[in-house]
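As structure tokens, the structure follows; a few thoughts come after it.
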Amino acid sequence: MKCYCVVNFKQALQQMDAPNPVPKGAEVLLQVRAAGVCHSDLHIWEGGYDLGNGKTLSLKDRGINLPLTMGHETVGTVIAAGPDAKSVTQGKNYVVFPWIGCRKCVACLEDMENHCSAPQYLGVYKNGGYADHILVPDARYLVDIGDLDPAIAAPYACSGLTTYGALNKVGAKTYQKHPIVIMGAGGLGLMCLELVKALGGAGAIVVDIDPVKRQAALDAGALAAIDGNAPDAAQQIIKANGGKMVQAVIDLVGAPNTTQIGFDSIIKGGKLIIVGLFGGASPWPIAFIPMRAMNIIGSYVGSLQEFHDLMALVKTGKIKPIQVTRHDLSQADAVLSSLRQGKVTGRAVLTA
Ligand SMILES: [Zn+2]
Ligand SMILES: [Zn+2]
């Protein structure tokens with residue numbers, strides 16, 4: 001098999017070759033059809049997160065060993081399966097749930113593997129989809145995609161599940177009654193907009209600093225698109241919401257500026273769901289958190305059950321596919337560079 005790997009942090013991905021693994025137990029070997037290139041791959045490639053105040057979180061210290069094949073949005077065709085992988089059929093296409101846990105810790109035993117304390121996430125801690133083959137440790141992590149286009153289905157494993165998980169934290173009662181705010185109109189933002197529509201939401205006001213992305217959000221049905229660099233961005237959000245402060249903000253950027261705008265536009269008792277990992281230090285005065293009864297909630301992807309629920313919704317055809325751009329697997333490094341330069345609209349997907 002051939003993969004495009006991070007060999008050194010912040011350096012070009014390198015093509016590496018290895019013999020195809022032979023699946024044992026419940027393991028499954030898939031031939032990769034599509035691998036989404038996610039913004040969080042940039043953090044892995046850089047080797048850390050900015051924690052603000054001059055501190056960084058080193059991924060090396062968190063147990064990420066190189067070389068690593070990134071790619072956590074993967075669709076593949078089953079070509080071999082271990083004797084215990086009974087739930088999959090050779091030749092069929094599956095999307096991989098990559099947020100795999102240890103199956104032993106408290107979170108895993110509650111079926112919240114995405115909160116595992118010893119995560120085994122594919123494309124983060126274990127080899128992922130920037131390759132022509134992927135070994136999945138258990139058939140239970142595969143969801144049949146039927147006739148769906150692999151390039152359209154792959155991004156549901158991260159951008160779909162992440163936004164679905166965040167919307168579940170907002171709660172259907174809230175998003176079906178009130179418009180919400182989505183910070184960031186990249187791949188995640190557009191996915192979130194589509195999910196809001198498919199789930200019967202009251203719509204979303206989108207914030208982005210890039211006029212091209214704001215236009216993409218308007219084209220995708222956003223109620224309004226506001227420039228996050230405007231000094232009165234929070235006031236513009238409130239105006240777009242009919243003069244009322246908003247019930248919930250999903251911050252897909254997670255920078256000091258975006259969380260501040262969110263904080264300033266949320267009603268008392270509302271929810272600020274932080275998803276993005278841009279990083280930096282939190283800018284809000286602590287006393288305002290109790291005074292405004294603010295719910296500040298972190299959201300990290302979603303559970304396997306949420307993934308099944310999401311894929312069931314996808315299969316009803318209610319979610320309009322987001323814009324994807326397809327690139328040959330051999331272009332993995334170039335695609336990652338374009339994403340780093342902010343040149344990707346919608347989702348870039350490597351296809352083989
Ligand atoms: Zn991702
Ligand atoms: Zn665990």
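What's the total number of residues in region 97-112 that are touching a residue at least 60 places away in the same chain (Cβ under 8 Å) and either away from ligand 1 (no atom under 16 Å from the Cβ) or more than 23 Å from Ala34 (Cβ to Cβ) (or both)?
The first filter runs over region 97-112 and keeps only residues touching a residue at least 60 places away in the same chain (Cβ under 8 Å), leaving 97-99, 111-112.
Narrowing the set further to residues that are either away from ligand 1 (no atom under 16 Å from the Cβ) or more than 23 Å from Ala34 (Cβ to Cβ) (or both) leaves 111-112.
Number of matching residues: 2.
Can you pull out every residue in region 82-140 that is over 26 Å from Val7 (Cα atoms), in contact with a strand residue (DSSP E or B) (Cβ under 8 Å, 6 or more places away or on another chain) and among the small types (Gly, Ala, Ser)?
Gly82, Ala85, Ser87, Gly91, Ala139, listed by residue number.
Answer yes if at least one residue in region 75-85 is within 16 Å of ligand 1 (Cβ to nearest atom) and within 17 Å of Asp149 (Cα to Cα), and no otherwise. Steps first, answer last, please.
At the first step, the residues of region 75-85 found to be within 16 Å of ligand 1 (Cβ to nearest atom) are 75.
Still in the running and within 17 Å of Asp149 (Cα to Cα): 75.
Checked region 75-85: at least one residue is within 16 Å of ligand 1 (Cβ to nearest atom) and within 17 Å of Asp149 (Cα to Cα).
Does any residue in region 334-352 that is under 23 Å from Leu218 (Cα atoms) come within less than 6 Å, Cβ to Cβ, of a residue that is at pLDDT 85 or above and hydroxyl-bearing (Ser, Thr, Tyr) six or more places away or on a different chain, and which pairs are these?
Close Cβ pairs (under 6 Å, with a partner that is at pLDDT 85 or above and hydroxyl-bearing (Ser, Thr, Tyr)) amount to Val344/Ser338; Ala348/Thr325.
Please return the ranges of helices (runs of 4 or more DSSP H) entirely within region 244-352 where 1 or more residues are crowded, with 22+ Cβ neighbours inside 10 Å. Steps first, please.
Values: elements: 256-265, 288-291, 304-315, 332-340.
Because the criterion is at least 1 residues that are crowded, with 22+ Cβ neighbours inside 10 Å, the helices (runs of 4 or more DSSP H) in region 244-352 that meet it are 256-265, 304-315, 332-340.
How many residues, within region 250-293, are farther than 21 Å from Asp227 by Cβ, in contact with a strand residue (DSSP E or B) (Cβ under 8 Å, 6 or more places away or on another chain) and touching a residue at least 12 places away in the same chain (Cβ under 8 Å)?
Of region 250-293, the ones farther than 21 Å from Asp227 by Cβ are 267-271, 273, 277, 279, 281-282, 284-293.
So of that shortlist, the ones also in contact with a strand residue (DSSP E or B) (Cβ under 8 Å, 6 or more places away or on another chain) come out as 267, 269-271, 273, 277, 279, 281-282, 289, 292-293.
Next, from what is left, pick out any that are touching a residue at least 12 places away in the same chain (Cβ under 8 Å): 267, 269-271, 273, 277, 279, 281-282, 292-293.
Counting residues in region 250-293 that are farther than 21 Å from Asp227 by Cβ, in contact with a strand residue (DSSP E or B) (Cβ under 8 Å, 6 or more places away or on another chain) and touching a residue at least 12 places away in the same chain (Cβ under 8 Å) gives 11.
I'm told Ala131 meets every condition in (1) more than 30 Å from Asp264 (Cα to Cα); (2) hydrophobic (A, V, I, L, M, F, W, C); (3) surrounded by fewer than 24 Cβ atoms within 10 Å (Cβ to Cβ) except one. Can you identify the failing condition by its number?
If we test Ala131 against (1) more than 30 Å from Asp264 (Cα to Cα); (2) hydrophobic (A, V, I, L, M, F, W, C); (3) surrounded by fewer than 24 Cβ atoms within 10 Å (Cβ to Cβ), just (3) comes out false.
Take the residues in region 208-233 that are surrounded by 14 or more Cβ atoms within 10 Å (Cβ to Cβ) and among the acidic types (Asp, Glu), then tell me which one is nearest to Leu193 (Cα to Cα).
Only one residue fits best here, namely Asp208.
Mind telling me which of the residues Lys244, Lys271 ends up being over 28 Å from Cys158 (Cβ atoms) and either of a type in the set (Lys, Arg) or touching a Cys at 6+ places or on another chain (Cβ under 7 Å) (or both)? First the steps, then the outcome.
On the way: Lys271 fails: over 28 Å from Cys158 (Cβ atoms).
Only one candidate passes the filter, namely Lys244.
If a residue must be surrounded by fewer than 22 Cβ atoms within 10 Å (Cβ to Cβ) and more than 16 Å from ligand 1 (Cβ to nearest atom), how many such residues does region 30-72 contain?
19
Considering each residue of region 121-132, count those that are away from ligand 1 (no atom under 16 Å from the Cβ) and within 20 Å of the chain's Cα centre (by Cα), and give that number. Outline the logic, then answer.
We begin by selecting, within region 121-132, every residue away from ligand 1 (no atom under 16 Å from the Cβ); these are 131-132.
Then keep just the ones that are within 20 Å of the chain's Cα centre (by Cα); that gives 131.
Adding up the residues that qualify gives 1.
Those residues that are farther than 15 Å from Gly302 by Cα, in contact (Cβ under 8 Å) with a residue 40 or more places away in the chain and among the hydrophobic types (A, V, I, L, M, F, W, C), I need them from region 113-140; list them, please.
Val124, Ala131, Ile134, Leu135, Val136, Ala139, listed by residue number.
Within region 53-66, is there a residue that is under 16 Å from the mean Cα position of the chain (by Cα), within 16 Å of ligand 2 (Cβ to nearest atom) and not charged (D, E, K, R)?
Restricting attention to region 53-66, the residues satisfying the condition of being under 16 Å from the mean Cα position of the chain (by Cα) are none.
So far as region 53-66 goes, no, none of its residues is under 16 Å from the mean Cα position of the chain (by Cα), within 16 Å of ligand 2 (Cβ to nearest atom) and not charged (D, E, K, R).
With the condition kept exactly as written, say whether any residue in region 64-79 is assigned to a loop (DSSP other than H, G, I, E, B) and of a type in the set (S, T, N, Q). It would help to see each step written out before you state the result.
Let us first name the residues in region 64-79 that are assigned to a loop (DSSP other than H, G, I, E, B), namely 64-67, 70-73.
Then drop every residue that is not of a type in the set (S, T, N, Q), which leaves 65.
Within region 64-79, one or more residues are assigned to a loop (DSSP other than H, G, I, E, B) and of a type in the set (S, T, N, Q).
So which strands (runs of 3 or more DSSP E) are wholly in region 1-56 and hold at least 2 residues that are in contact with a strand residue (DSSP E or B) (Cβ under 7 Å, 6 or more places away or on another chain) and more than 21 Å from Asp132 (Cα to Cα)?
On the way: elements: 2-6, 14-17, 28-37, 48-52.
Per the criteria, 48-52.
Of the residues that sit in region 116-169 and are in contact with a Lys or Arg (Cβ under 6 Å, 6 or more places away or on another chain) and of a type outside the set (Asp, Glu), which one is farthest from Gly201 (Cα to Cα)?
Of everything passing the filter in region 116-169, Gln120 is farthest from Gly201 (Cα to Cα).
The values are calculated or read from the model by the stated rules, or taken from the named source; none is laboratory data. Because the structure is a prediction, the values reported are computed rather than measured. Note that we place each Cβ from the backbone using ideal geometry, even for glycine, and neighbour counts take in every protein chain shown.
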